Amino acid sequence: MLGETFRVPRFSKCADGRPIHAWDAKGTRRSFAGEERSAFWGWAAIEILRHTGIRIEELLELGHHSIVSYKLPTTGQTVPLLQIAPSKTDQERLVLVTPELADVLSTVVSRVRGSDGRVPVLRSYDHYERVWNPPMPLLFQDRSGGYLRPLSRATIRRGLDVTLLASGLTDSGGDPLIFQPHDFRRIFITDSVLNGLPPHIAQVIAGHDHIGTTMGYAAI
């Protein structure tokens with residue numbers, strides 16, 4: 001794997017004929033399944049966050065039913081949209097699904113879809129409202145300990161940290177860059193405004209009550 005050498009234990013539980021863990025040249029125990037899982041969800045979170053500007057709680061509540069379509073009354077063209085459930089401002093909103101975002105969403109759906117072709121329905125906990133959400137076909141779910149579970153914020157944050165560390169990106173002091181999920185919201189708003197999106201439209205997409213909040217996110 002990328003020129004690395006591993007030592008596989010003599011007795012190892014295998015998945016699909018491949019060892020689940022091994023020791024690298026430094027003697028560190030490596031979990032292939034865990035590293036793949038972290039890398040995939042780190043990638044998925046980064047891509048969706050930077051293409052939508054949504055909050056982490058909104059990300060974790062995305063369901064298969066969040067992907068909707070709308071037919072333009074003028075041309076009859078059908079465009080894909082991502083329906084964002086009410087969050088801080090209790091405002092439901094729609095985000096246009098670009099081709100890049102569509103590729104990410106389809107990859108996530110393919111990963112979590114069951115053998116029957118459906119996305120499994122799970123309950124998740126809302127940490128802001130302190131209530132359990134009704135069962136939903138969540139996109140951010142994975143198998144852990146033999147059971148399907150909704151992904152947690154901690155899992156997403158770990159995935160971001162591992163991805164950025166592997167990228168080798170550093171700050172002006174030479175230290176590894178650290179990104180929070182909310183940083184991609186700032187990047188999305190900044191890029192949108194710099195590319196000509198009117199600030200009041202960016203406000204609606206971001207779900208802000210006040211235009212001043214939106215412009216505070218735009219690092220221009």
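The values are calculated or read from the model by the stated rules, or taken from the named source; none is laboratory data. Predicted model only: the values in this text are computed from it and were never measured. Methodologically, a virtual Cβ is constructed for each residue, glycine included, from the backbone with ideal geometry; neighbour enumeration extends over all protein chains shown. Ligands, DNA and RNA are excluded from the accessible area calculation, which covers all protein heavy atoms including side chains. Shrake-Rupley method; radii C 1.70, N 1.55, O 1.52, S 1.80 Å.
Summary table below
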read-out: Solvent exposure, largest accessible area first (probe 1.4 Å, DNA, RNA and ligands not counted), of 36, 61, 129; value: 129, 36, 61
read-out: Fraction of accessible area attributable to carbon and sulfur, the chain (%, probe 1.4 Å); value: 55
read-out: Over the chain, relative contact order from alpha-carbon pairs under 8 Å, at least 6 apart, %; value: 19
read-out: Size of charge dipole - the range 157-220 - debye, nearest 20, with Cβ of Lys, Arg +1 and Asp, Glu -1, no other charges; value: 140
read-out: Top of 143, 37, 111 by mean-square fluctuation, Gaussian network on the chain, Cα under 10 Å; value: 143
read-out: 222 nm mean residue ellipticity, helices alone, for the chain (DSSP H n ≥ 4; -39,500 (n - 2.57); rounded to 500); value: -12000 deg cm²/dmol
read-out: Inter-label distance for residue 143 and residue 6, nm, one decimal - labels placed 7 Å from Cα along Cα-to-Cβ; value: 1.8
read-out: Charge dipole magnitude, Cβ of K and R +1, D and E -1 - the chain, Cα centre, debye nearest 20; value: 840
read-out: Rounded to the nearest 10 Å², the accessible area of residue 215 at probe 1.4 Å; value: 80
read-out: For the chain: accessible area per residue (Å², 1.4 Å); value: 61
read-out: Principal axis dimensions, largest first and in whole angstrom, of the chain by Cα; value: 64, 50, 39
